[in-house]
Every structure is written in structure tokens, then in C-alpha cells.
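Notes to accompany the following structure.
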Amino acid sequence: MVSKYYPRMGETLYTHTLDNGLAIQVIPKKGFQKSYAMFATNYGGADRRFRYQGEWLNTPAGVAHFLEHKMFDMPDGSNALSVLSANGASPNAFTSSAMTAYYFECTEGFQENLKMLLEFVSTPYFTEESVAKEQGIIGQEIRMCEDSPDYALYYNLLKCLYARNPVRDSVAGTVESIREITPDVLYACHKVFYHPSNMRLCCVGDVEPEAVCALAEQVLPKGKGEVPARDYGSAEPGKPASFRHKAAMEVSNTQFLFGAKLTPAKPGPDRLRQVLTGDLALRYLMGESSPLYTSLYAKNLIHTDFSAELDYAAGAAMLIAGGEGRDPHSVLAAVEEALSELRRDIDTEAFQRIRRTTLGYCIRSMDRLGGLCTSLAEAGFAGYCPLDAPEMLENITPEEVRQALLDWLQPERIALSVIEPLRP
Amino acid sequence: MEAIRTELKPGVFLTCLQTDKFKTACLSLNLLTQLNRDTASLGALLPRVLRRGCRQYPDMEALSRELDRLYGARLDSVVRKRGEVQCLGFYADFVDDAWLPGGERLLEQITGLMGQLLLQPFTRGGLLLQSYVENERGKLLDDIRSLINDKQAYANRRLTEQMCFGEDYAVAVLGSEETVGSIGYQKLTRYYRELLQTAPVELFYCGSAAPERVAAALSDALATLPRGEVNFDIGTDIRMNTVEETTRYFTESLDVTQGKLSMGFRLGDAMEDPDFPALRVFNAAFGGAVTSKLFENVREKLSLCYYASSALDLHKGVLLVASGIEFDKYDAALSEIFAQLRALQDGQLTDAELIAARKAVATDHRAIADSPAALESFTLSQNLLGLDYGPEEFAALAEMVTKEQVVRIAGQVTCDAVYFLKGKEDEADDGQ
């Protein structure tokens, strides 16, 4: 195992890649009660068309998420969720457009729980009966999501931005698409995407890095596997497929989300640089201390829930911002006005101040062990390490931030999704 | 990590946890007041208005810039309901001094800023600024209205309002649309001045600084806090039995595709000299953990619902079951939830279930020690409950809870009210 100390963060990261291709990362945290482990595959809702052993395969929407639900069933009739829970661990899982992650947190018996995690995620077991039952449960989940304004707002925006990229479709699929899922589809996708070569194991807590490696080596299959190529459709232009979407739902106030596509930096340090540039840029332009935010807030055009971020998935990247607000068009007009000021110049003093904020957040993120585990996994699949952030931050220039904003937020690149109350 | 508690001024208490475990330090200030219909909105609005600006940083932009300069320190207004006590004030977290580049110190700057926000608000003619009050009032109103967006939380709130009608507990922590609407800047200023004189204050710090340094910084920051007759007569009225002899049922309709069931229970004699760790273990066995009866039977075995879980308010002695179901599963879900409670009352609790429930509670409490924010919240509750032990002790007590204790508590639990949020039948086919 290789270890590296990050003095600005006060943490040591241990890394190792097994012969079977599994990347392992461990950050030991002495004195913490809870330890976290995340076993993640580079396989999400958007990975629907892929090449395996020379052949292109199409799968229905929702398979990655369906698999996540069904992986807990064990051949002996037990349920890994219950077994881990009974052992005092809190297990869970999530599926995003880009990855599926299984994780647990526990205060004792870490090695035992880790063994269980590695085993159940590597053991597919599906029957006609269990798949049929799950179609009912996930159907309910899909319907519940459809009641959620946040969900509708988000996917309506993505459908504006993208014409083809599968990131525009719900991770869970639709009630119709999940009907096409059979045990055979699940076995096939498990075989393709759940090979250690396509996965990462991240652990944070009062744990022994060497013991984690030894256990993974012992439990998981040997030999390298094929990492499948994916097809997200032909490249899309910078302009959105459509500019506006409006819907009505049972909500109290109008909610809006606007966004723009951007070209994702290639995996590695470039990606980290883009992620941090995005953080600085959005904070500079519309963070709480920006003139834009404070004036919109004072005019009651935005609320404290207003937020902005960069999102990456399925070979795509986007900027997304929004919240509650009765007049989204005035918000967009104010953004455009702030940009025209930025076209002239960037306030370097404000930039320096904002960099302190981002640095503060990076240091403090080391306290949230679960979040740290997730960002290690996500960043790992994107080829960088989040602990490199403080050094990278020092290299980013005000001009870089200025150019990024002017490029990303060109008016013709922005799409807007709005949810209005049913009754005005 | 031992808690040190001191009284800085009459009715001003500081709980200090010195630790070098975190890179984040946290500090909170809570004014305590009785939650009631007339003042809840005033209490919810006040810290939001104070957070808008003080003499030195008169607007949000100036204040946010100062927070940027303090390495992105977060200093938010906060209002919480603990039983029938409204806790309002500020919560701050910031990079612990030990991890700042160049040996900078943030603690004194943060306590100073918090003191200024509380004691030197931006005023005109001695009154809180009208524009800030009106602006924040509008936002509070929006927040109250937007509670409907989360349908399960809405169902729980409607249940509480109807089940506890006539009790302060029925009052929402943000108050209601009606009471918010009537607040003007003069009225809020009067409320503010009175609260400063009379409210007990709970301060909390967790970080690497020594308790003496924290006490000195806060004493300095709060030097001008006026103290009159402090109102220590604040607390939660516990109702042990159901309001009527039989369970009351309420149903409402909204445009939703999934039904929301919310059930409220009283804890009977279990709230007479309550054993809090045992109550928590009972809740974990019934519906508070993924190994619970509700999760295993109602959700997993019978597929009756998408989720079913229970939550316990130790301050008030109210147990709440929340579940998302198909509209036509209402009777089946209800009878199965009652059946699971009866099973527990009849002593049907396996060793494995008991051990899992104990472990869930113990693990949850041990985990509190991993987060400054969780420690802050736990400590505030413990102080209000009059308990002086920490999360580790709570966990150890939970691990000793017996089956007899759990069954005895279950035997005291009675259902007071059931609320069901269903769809609109005439619009059932809309939008599908």
C-alpha cells in the first residue's frame, strides 16, 4: 500500500490497486466512533448501451437502480440489509446517473461487516418471483418521485438541455421500462459492471488499511475483467435542445432551475481544476456574498434555498442553479447583467475572499466521514483525489474563473425549468 | 470529551466540549421560550431579522463578506421545537483554530459577531428595520406555505395539529400564516427587548479551545446582554392518555399519487418518571430501525407500503408512525401496524430483535460523538430534559434494556389519532 500525508488537510490517504483491478482507498480516522465503507461500481442509470466482448447491448431504463435493490437478496434466502443491520451496521445503497454505491457505517465489527458487503455485492441472486415483487416496490418509488416537485424540476431541465444523452432520463426508469427487466437482464448487467476492474472500495474511519486490502484480496474474484465501453449517444451541441419548460404541481410557490451544458474536463487533475473553478465561479457570481445574490434576496426574487453547482455524469457536465422564486425571468435577467459587468473586469479582492471560503469548506469536509467516502469514490472514477484541493485552489487564477463564467453562461446556452402552483 | 457546564450570567448557561477530534468548531446560542400560538411566529421571525445585519455589518452583503473572510464560517439563524419549548438564536460552525493557515484565531471573531447580531441589531430610531422585518416576514410566510411540498411532513403536522388540539404541542415551530401576517416591526422590537431580558439562554461550544477561553470570549461578547426577571417556568406539558376513549380518525384530500398515513400515540404511564434509553429501544424495536417490526413486516414481508417507520418525541411523550401507501391499502396497512404493536404488547420480541434494537440505539448515540452538529443538538435536548449524561452513557444504558422493559412500555402505548392524506378521487386519472 502507498501512503501519502496531506498536511493542509491533516489526513493520510492509503491507496492500492489489487491484481483484479479493484482500486482501494483508505483514510484512517483515529478517535471516531463510526467507520464507513463504500463499495461502488462505475455503473449508473445512464449506462444503458454498452459494448461487452465486442458486442453492443441495449438495456431498459432503470436496470442499474433495479440491480441495487435486488443485490441485497442472498441465495440462502437471507437479506444482506437485515444481516448487516442485525450486526449493528447501518447499510444502504444509492444509484445515480453515473454510479451505484453500496455502503455501511458501523461502530464495531468493521472487518466482519466489510466482508459481508464485499460478498453480497459480488453475489447475484435473482428469481422470477423476487423480480416481479420488486417491480411493484420500485413502481411505488417511481410514483412517489413523480409527486416530488424537486424531481420534476430537475428532470424537466435535463430534458431541455439534452436531446439524446441518457442522463436526461430518470435513474429509476419508468413503470413501463422496469416491466422489461428480467432475471437474465440483471445477471448480464451484474456480470458486465460488477467486476472489480470496474469498481472502487473506499473506507474512512478507525480502520487498518492493510487489513482492508487483505480482506478484499481474499473475498473478491481473481483476475482482471473487461471494463465495458459505453455509448451516450452522439455529441450534443452547446445549445440546449429546448429553452423553456413549465409545469404545474401541488406546490405553494413557483420553483425554478436553470442550467447550461459545459464541456467536461478530461478525467484527472484537469477535472479537479474544473470542479474547483466551478465552485469559485458560482460562489463569485451568485454565492451569498455576491451583489447578485444579495440584491435578488432583498427583492424577494430568491430564497435561502437558492443554490448553484456543477454536475457530472455520462460524459456530460452541466451547471445548475435555482430554488424558490416567483419571477425566474427577472433572476435570469439579473444574471445576464452581472455577466456584463464581469465582461469588463473581475473583482480580484472578492476572488481572494471567496477562495478562503472554498478552502475552509475543503478542510471542514474532512469531518464528514460518510461524505468523504462518497467523494473519494466519485472523484476516483473521475481520476482525481479530493485531498489535492487546497494546492490546486492556489493555482486557479481570477481570469480563469472569469473566462469560465463567460463561457458557461452565454445566454443562448441557458435553459429554464419552472414549476408553478396549480392554483395561483 | 467531557461536558463542562457553567453559568456566565443569570440564566445564561454555557456547555463546553473541548476536543481536538474535529477540524470544524461549532458554537450556538439559543434563547428559550414557551411555544404558543401567540408568539411562535415572533420567535421564528426574530433570529431571521437579526441575521440580516448589525451595526458593524449592516446588510447581508457586508455580513457574508465577513463570513468569507473568516474562511467560509457559517452563521445561521435557527429556530427549533423541543417538546413545547421554542429554541431560537444562532448556530455557527467554522474551521477550528488548530487547522487555520498561519495560526489565525477565529473563535473570538465568531463569538464577537454572534454577540453583535444579538445585541447590536441594525435599527432606525431604536426599532428593528421595517424593510428587514417585512422582507423576512414574506420569506417566513413562504416557508410556512411550502411545508405542503413535503407530503409526509405535511401529514405529520396535520396529525399533530388535530391530535394535540388545545396543547401547545400543536403549534408549529414557525407559527401559522395568520400569526405571521400580523407582525409589524414595532411589535417585533417589543418582543425582542422583552425576550432579551427574560429568556434563559443556552450556549454551546465544541472545539479545540479550552473552556476558560470560550467562557471569556462569550462573556465578552454578551457583556451588554440585559438581564431582568428570567423566566425559568418554561417546559413541556406531558399528556399521558388519549384525548377521547377511542382513536380519532381524520382524512383529507390533495392532488397526490401516493397516500400518506400518519398515526399518533400517547405513551401512558411510560412517561411517569420516564426511562429514556428504554423508550428509545422500544421505538427501535417497533418502527425506528430497519430491523424493526414495521420495517420487516409491513414493508418487507407484506409489501403494503413503500416505507413505514416510527419516531419518538421524548420531550412530549408522543410516538408517531409515518407510512407511504397506495390509497386502497389504507385498511390493510392500518390493521397491520396495529397488529405489530399488539404483537409487541403480547411479548412477541425475539432475542435477535431486542439485540438489534439495542444496537441501533447504541450505534446512533455513539455516532453523535462524531459530529459537532449532532453533539450540539443532543446537548440542547439533554439540557432541556434535565439530564447530564453524554451520548456514550446513553448508548451504554440502551445496551442494558431488557425485553420486559420494552414490553412494559409497549403495553402503555395507545393510539390517539390517525390521519390519512389521500388523492382527489374525481381527479384520480389526471396527469397519468
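Among the residues of segment B:306-341, the ones that are closer than 20 Å to residue B:265 by Cα and part of a strand (DSSP E or B) come to 15 in all. Mind listing whichever residues of segment A:83-102 are farther than 25 Å from residue A:378 by Cα and either hydrophobic (A, V, I, L, M, F, W, C) or in contact with a Phe, Trp or Tyr (Cβ under 8 Å, 6 or more places away or on another chain) (or both)? Hits for segment A:83-102 are A:83, A:86. The set of residues in segment A:300-326 that are open to solvent by less than 60 Å² (accessible area, probe 1.4 Å) and either assigned to a helix (DSSP H, G or I) or over 25 Å from residue A:358 (Cα atoms) (or both) comprises A:300, A:301, A:314, A:325.
Here's a check for you: in segment A:15-47, which residue that is under 20 Å from residue A:197 (Cβ atoms), of a type outside the set (S, T, N, Q) and open to solvent by 60 Å² or more (accessible area, probe 1.4 Å) is nearest to the other protein chains (Cβ to nearest Cβ)? Filtering segment A:15-47 for residues that are under 20 Å from residue A:197 (Cβ atoms), of a type outside the set (S, T, N, Q) and open to solvent by 60 Å² or more (accessible area, probe 1.4 Å), the one nearest to the other protein chains (Cβ to nearest Cβ) comes out as A:16. Restricting B:162, B:120 to residues that are touching a residue at least 24 places away in the same chain (Cβ under 8 Å) and closer than 22 Å to residue B:52 by Cα narrows the list to B:120.
Being more than 13 Å from chain A (Cβ to nearest Cβ), at pLDDT 95 or above and open to solvent by 30 Å² or more (accessible area, probe 1.4 Å): is that true of residue B:108 here? Judged against the criteria, residue B:108 is a match. Considering only residues that are open to solvent by less than 40 Å² (accessible area, probe 1.4 Å), touching a residue at least 40 places away in the same chain (Cβ under 8 Å) and more than 14 Å from every other protein chain (Cβ to nearest Cβ), which ones fall in segment A:53-73? Passing the criteria: A:59, A:60, A:61, A:62, A:63, A:64, A:65, A:66, A:67, A:71.
Per-residue answers, yes or no, for (1) over 26 Å from residue B:148 (Cα atoms); (2) at pLDDT below 95; (3) within 14 Å of chain A (Cβ to nearest Cβ):
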position: B:242; (1), (2), (3): yes, yes, no
position: B:256; (1), (2), (3): no, yes, yes
position: B:263; (1), (2), (3): no, no, no
position: B:286; (1), (2), (3): yes, no, no
position: B:297; (1), (2), (3): yes, yes, yes
position: B:311; (1), (2), (3): no, no, no
position: B:351; (1), (2), (3): yes, no, yes
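Listed by position, the strands (runs of 3 or more DSSP E) contained in segment A:44-117 that have at least 1 residues being under 23 Å from the mean Cα position of the chain (by Cα) and not assigned by TED's automatic domain parsing to the domain that holds residue A:204 form an empty set.
May I ask you to list pairs of residues, at least six apart or on different chains, whose Cβ atoms are under 8 Å apart, with the first in segment A:364-389 being within 23 Å of residue B:26 (Cα to Cα) and of a type in the set (Asp, Glu) and the second being modelled with pLDDT of 95 or more and in a helix (DSSP H, G or I)? Listed pairs, sorted by first residue: A:367/B:372. Say we look at segment A:228-255 and pick out the residues that are under 17 Å from residue A:146 (Cα atoms) and more than 14 Å from chain B (Cβ to nearest Cβ); which of these is surrounded by the fewest Cβ atoms within 10 Å (Cβ to Cβ)? Checked segment A:228-255; the qualifying residue surrounded by the fewest Cβ atoms within 10 Å (Cβ to Cβ) is A:246. Might you check whether a residue that is more than 8 Å from every other protein chain (Cβ to nearest Cβ), over 30 Å from residue A:36 (Cβ atoms) and either in contact (Cβ under 8 Å) with a residue 60 or more places away in the chain or polar (S, T, N, Q) (or both) occurs anywhere in segment A:295-318? Yes, segment A:295-318 contains a residue that is more than 8 Å from every other protein chain (Cβ to nearest Cβ), over 30 Å from residue A:36 (Cβ atoms) and either in contact (Cβ under 8 Å) with a residue 60 or more places away in the chain or polar (S, T, N, Q) (or both).
Within segment B:60-81, the residues that satisfy the criterion of being touching a residue at least 40 places away in the same chain (Cβ under 8 Å) and either open to solvent by 30 Å² or more (accessible area, probe 1.4 Å) or more than 10 Å from chain A (Cβ to nearest Cβ) (or both) are B:75, B:78, B:79, B:80, B:81.
Number of residues in segment B:115-128 that are out of contact with any Gly (no Cβ under 8 Å at 6 or more places or on another chain) and either on the phi > 0 side of the Ramachandran plot or open to solvent by less than 30 Å² (accessible area, probe 1.4 Å) (or both): the value is 6. Evaluated against (1) among the polar types (S, T, N, Q); (2) open to solvent by 20 Å² or more (accessible area, probe 1.4 Å); (3) modelled with pLDDT under 95, residue B:414 falls short on exactly one condition, (3). Over 19 Å from residue A:355 (Cα atoms) and of a type in the set (Gly, Ala, Ser) - does that describe any residue in segment B:71-83? The answer is yes, given that some residue of segment B:71-83 is over 19 Å from residue A:355 (Cα atoms) and of a type in the set (Gly, Ala, Ser).
For the condition touching a residue at least 40 places away in the same chain (Cβ under 8 Å), in the same structural domain as residue B:201 (by TED's automatic domain parsing) and within 18 Å of the chain's Cα centre (by Cα), residue B:95 does not qualify.
The values are calculated or read from the model by the stated rules, or taken from the named source; none is laboratory data. For clarity, every value in this text was computed on a predicted model and none was experimentally measured. Heads up, the Cβs are rebuilt from the backbone with ideal geometry, glycines too, and the neighbour counts pull from every protein chain shown. Protein only, heavy atoms only, side chains kept; ligands, DNA and RNA dropped before computing areas. Shrake-Rupley method; radii C 1.70, N 1.55, O 1.52, S 1.80 Å.
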